[in-house]
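Below: the structure, in structure tokens.
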Amino acid sequence: MGGTLAVKLSTAGHDVQVADARGPEATRAEVLESRARAAELTDVVQGQDVIILAIPFGAAGKLAGLLAAVSDETVVVDTSHYYPHLSGQIEAVDNGEVESVWNAEQLGRPVVKAWNAALAETQRRDLPAGTPGRIVIPVAADSEQARRVAMPLVDDTGFDPYDAGVLADSWRQQPNSPAYCTGLTLDELPAALAAADRVKDAAVRDSLPERFAALPADFTLDDVVEMNRAAHR
């Protein structure tokens, strides 16, 4: 996701720096070809308007020290999602704490929740504003100003942004809610967010390995989207 967003935002005219935990030399060629620049992790957070974290869920605490000196005006975006079979069990989240609220606590600063609710292949699509069928990305944050900063960036990556309110309500865009990776449009998203159910959605999330195993060997993006939608019918 990080590489895809870097390419799209750089192509849209933003000054983008990319830090890979393995070092600048690990930055993919297509990212650099988009005019995004590779940087050291300690340098990339300095003097930025926005920092987008494309890291595994549960790793946020490792960046708390790095972000401690970052200006309070810098908007930090959390794109992660919690799958216990991938992230390891996190008791607080299992007990109902909202994923991005937990991440904000680990980082020691507010975050915006965005870009988490679209599949990797979906993220690579790019439709201009106003295109029929353009997919929507919900954006949640406690700061209205932070949402106003993040939403045009979502638009620049080829999706309709939707103001999803405060971070405490971002559980409605967590795995595997009706709004999560179901390829919805701006008209469809509000009803999907309203239909979220914490208990049911967690059960759907935890059934993902079995549901993937039932797909054909040559499954497509449309197959995955339909699988996710069918789980809520």
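The values are calculated or read from the model by the stated rules, or taken from the named source; none is laboratory data. Predicted, not measured: the structure shown is a model, and the values here were computed from it. Using ideal geometry, Cβ is built from the backbone for each residue, glycine included, and neighbour counts are taken over all protein chains shown. We work out accessible area using only protein heavy atoms, side chains counted, and drop any ligands, DNA or RNA first. Shrake-Rupley method; radii C 1.70, N 1.55, O 1.52, S 1.80 Å.
Run the helix sum for the chain: -39,500 (n - 2.57) per DSSP H stretch of 4+ residues, divided by residue count, reported at 222 nm to the nearest 500 deg cm²/dmol. Walk me through the intermediate numbers first.
Working: 13 runs with 88 residues, N = 233.
The per-residue figure over the chain is -9500 deg cm²/dmol.
Using the heavy atoms of the protein chains alone and a 1.4 angstrom probe, what is the accessible area of the chain per residue in square angstrom?
Details: 11440 Å² over 233 residues.
Per residue, the chain has 49 Å² of solvent-accessible surface.
In a Gaussian network model over the chain where Cα atoms closer than 10 Å are linked, find which of ALA54, ALA21, ALA64 has the largest mean-square fluctuation.
ALA21
Give me the accessible area of ASP223, 1.4 Å probe, in Å² rounded to the nearest 10.
60 Å²
Accessible area of the chain with a 1.4 Å probe: how many percent of it is carbon plus sulfur? Spell out each step's value before the answer.
Values: 5980 of 11440 Å².
Exposed carbon and sulfur together represent 52 percent of the surface.
Could the peptides 154-163, 40-49 be put in order, highest first, of the mean number of other beta-carbon atoms found within 10 Å of their residues? Provide the component values of the computation, followed by the final result.
Numbers: 154-163: 20.3, 40-49: 13.6.
Highest-to-lowest ranking by the protection proxy: 154-163, 40-49.
Under a 10 Å cutoff between Cα atoms, tell me which one of ALA60, ALA114, ALA26 has the largest fluctuation in the Gaussian network model of the chain.
Of ALA60, ALA114, ALA26, the Gaussian network model singles out ALA26 as fluctuating most.
Please work out the ratio of the alpha-carbon Rg of the stretch 109-233 to 2.2 N^0.38 Å and round it to two decimals. Intermediate values should be presented prior to the final figure.
On the way: Rg = 14.4 Å, N = 125, 2.2 N^0.38 = 13.8 Å.
Here the Cα radius of gyration is 1.05 times the empirical estimate.
What is the P(r) of the stretch 172-233, as percent of Cα-Cα pairs per 10 Å bin from 0?
Over the stretch 172-233, the share of Cα pairs per 10 Å bin runs 24, 54, 21, 2 percent.
For the stretch 1-90, what is the per residue volume of the convex hull drawn over the alpha-carbon atoms, in cubic angstrom?
Working: hull volume 9.4 nm³, N = 90.
Expressed per residue, the convex hull around the Cα atoms of the stretch 1-90 is 105 Å³.
Which of the peptides 174-180, 129-135 is most tightly packed, and how do the rest follow, judged by the mean count of other Cβ atoms within 10 Å per residue?
Working: 174-180: 24.3, 129-135: 11.7.
Top of the packing list down: 174-180, 129-135.
Springs between alpha-carbon atoms under 10 Å, Gaussian network over the chain: tell me which of PRO128, PRO24, PRO216 tops the mean-square fluctuations.
The residue with the greatest mean-square fluctuation here is PRO216.
Taking the Cα atoms only, what angle lies between the long axis of helix 221-230 and the longest principal axis of the chain, rounded to 10 degrees?
60 degrees
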